[in-house]
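The values are calculated or read from the model by the stated rules, or taken from the named source; none is laboratory data. Since this is a predicted model, take the numbers as computed values, not measurements. With ideal geometry, Cβ positions are generated from the backbone for all residues, glycine too; neighbour counts draw on all protein chains shown.
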Amino acid sequence: MDFVNQLQRKFIDYSSSLHREGIVDDQFTQLRKLEDENSPHFVMEVASLFFEDCEKLINNMAIALEQKQGVDFKQIEECIHQLKGSSSSIGAMRVKNACIAFRSFSGAQNREGCLRCLQQLSHEYSLLKNKLQTLFRVSVASRCLYVCLVIFCRENEHAEPFPDVLVFQLEKQIVAAGGSIPRVH
Amino acid sequence: VVIYAAGSGDVSDLTAPSSIDLRSVSLLDSDHSLAQVSLFDSVVSEMARNGGVAWMRTTEKIDGYDLSTSDTEEVHVLAVDDSLVDRKVIERLLRISSCKVTAVDSGRRALQYLGLDEEIQKKETNGFDGLKVDLIITDYCMPGMTGYELLKKVKESSAFREIPVVIMSSENVIARIDRCLEEGAEDFIVKPVKLSDVKRIIDYTTTELREGEQREGARAKRRGINKRKQREGDDDLSSSPPSTLSSSTSSSPSSSIQSATAPSSPSTLDSPTRRLKMTSSE
């Protein structure tokens with residue numbers, strides 16, 4: 001029982017901290033609502049694509065800023081534009097804001113400023129990635145535990161039943177983290 | 001955690017509902033890596049979807065198709081966006097709104113799909129010829145051909161000009177919106193795209209499909225209304241969605257007037273552009 005309580009607390013805390021710290025915004029919540037039993041991993045899949053995109057673009061910008069012959073600020077602006085777009089679509093608010101700040105330095109063709117911005121951007125990206133991966137891990141583990149419990153309950157009709165409240169708690173925390181409850185009936 | 005069920009059926013054959021016997025379910029301990037946990041979850045979801053055990057299904061859904069829509073034909077949407085993340089999001093939004101979706105990554109590919117590309121004849125595209133496109137939704141800023149250029153090409157073609165085209169853009173620039181509407185765009189969505197945006201567009205696309213004959217007249221009227229509003233200099237745009245944080249003038253060549261960042265209610269179904277069109281007809 002205590003284990004489930006701990007898991008539930010961790011879940012809810014994590015979910016709200018992401019929003020409280022501005023790491024994700026309402027668009028992220030909107031995307032979580034698009035998950036259902038037919039597409040239970042949608043947000044995870046989009047996030048993976050975003051991480052790949054982000055890493056590639058950050059890398060490209062780092063290389064561009066290293067060019068001794070002269071920095072191609074146009075290319076950097078293009079990268080920023082792409083990253084701002086995708087971070088906005090996934091609800092990665094701090095990454096998006098870092099892009100906006102970055103844009104003004106690249107517009108001013110300020111290499112030093114750009115290097116600082118890129119560092120900030122990398123930092124925000126790492127933070128987002130760690131937090132989201134943790135959230136996904138806890139989310140999937142909860143869903144598995146939930147399904148196992150329900151299957152166990154069903155297959156052990158004559159055994160001591162798990163308290164309903166246990167299953168209910170798990171349901172609550174899955175929903176609290178914005179996920180969908182697997183249909184088991 | 002890996003779970004497997006032994007039974008009379010092959011565990012990989014999830015379409016044989018009665019043959020999976022859960023009494024011999026075993027749990028194997030394994031590294032709790034994300035991938036493996038996801039695999040388990042996917043298997044369970046797959047079983048749920050294919051009726052591996054007696055999963056309850058919602059009465060409206062059979063095999064993933066939502067039968068609650070009044071039209072038996074699904075709206076087929078061609079989505080165009082160079083960003084993979086955005087494509088995935090718009091695809092999901094459209095699928096959840098009961099649409100068939102074809103997503104491509106460029107204006108060029110969109111034209112190829114429609115059969116409008118001069119260089120590739122329609123008969124050479126892979127077998128999609130039978131699928132009629134009911135709506136095109138495209139990003140504005142794309143390398144190569146912009147969404148605006150795609151819009152123009154579609155509206156110039158006699159075969160496809162009737163297809164409604166919706167433009168999406170991360171920049172809320174009035175001049176850009178007007179330009180697109182004048183060229184015949186049905187609507188303009190400011191990114192990030194939400195489910196309410198998509199639902200609104202599908203709703204009136206479905207309505208327009210049913211009111212086929214009136215469409216041409218209605219659109220011509222709206223274009224007229226929009227042009228008139230421009231000349232009158234009506235600036236009642238406070239109901240537009242909030243513009244992006246920083247000034248977008250860096251990307252807009254003309255000195256466009258930004259709309260006031262009055263917070264608009266996201267629950268309103270009317271798009272700002274439709275409100276524009278509506279007010280002058282009242």
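Of all positions in region A:107-116, none carries a residue that is of a type outside the set (Lys, Arg), closer than 17 Å to A:Glu45 by Cα and more than 10 Å from every other protein chain (Cβ to nearest Cβ).
The condition of being surrounded by fewer than 21 Cβ atoms within 10 Å (Cβ to Cβ) and modelled with pLDDT of 95 or more holds for A:Asn60. For A:Val71, the requirement of being modelled with pLDDT under 95 and aliphatic (A, V, I, L, M) is met.
Residues checked against (1) more than 10 Å from chain B (Cβ to nearest Cβ); (2) within 22 Å of A:Leu31 (Cβ to Cβ); (3) more than 22 Å from the chain's Cα centre (by Cα); (4) in a helix (DSSP H, G or I):
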site: A:Cys54; (1), (2), (3), (4): no, yes, no, yes
site: A:Ala64; (1), (2), (3), (4): yes, no, yes, yes
site: A:Leu128; (1), (2), (3), (4): yes, yes, no, yes
site: A:Ala141; (1), (2), (3), (4): no, yes, no, yes
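Taken over region A:45-57, the criterion of being crowded, with 19+ Cβ neighbours inside 10 Å, touching a residue at least 40 places away in the same chain (Cβ under 8 Å) and not small (Gly, Ala, Ser) is satisfied by A:Val46, A:Phe50, A:Cys54.
In region A:13-29, the count of residues that are within 14 Å of another protein chain (Cβ to nearest Cβ), at pLDDT below 90 and part of a helix (DSSP H, G or I) is zero.
Only one of the numbered conditions (1) of a type outside the set (Lys, Arg); (2) surrounded by fewer than 18 Cβ atoms within 10 Å (Cβ to Cβ); (3) within 16 Å of A:Lys129 (Cα to Cα) is not met by A:Asn110, and that is (3). Residues that are polar (S, T, N, Q) and within 11 Å of B:Ala185 (Cα to Cα) within region B:136-171 comprise just one, B:Thr138. For region A:80-95, the candidate set comprises residues that are farther than 17 Å from A:Val43 by Cβ and not aliphatic (A, V, I, L, M); within that set, the residue that is farthest from the other protein chains (Cβ to nearest Cβ) is A:Arg94. If you filter region A:34-43 down to residues that are more than 7 Å from every other protein chain (Cβ to nearest Cβ) and closer than 12 Å to B:Val89 by Cα, you find that the one that is surrounded by the fewest Cβ atoms within 10 Å (Cβ to Cβ) is A:Glu35.
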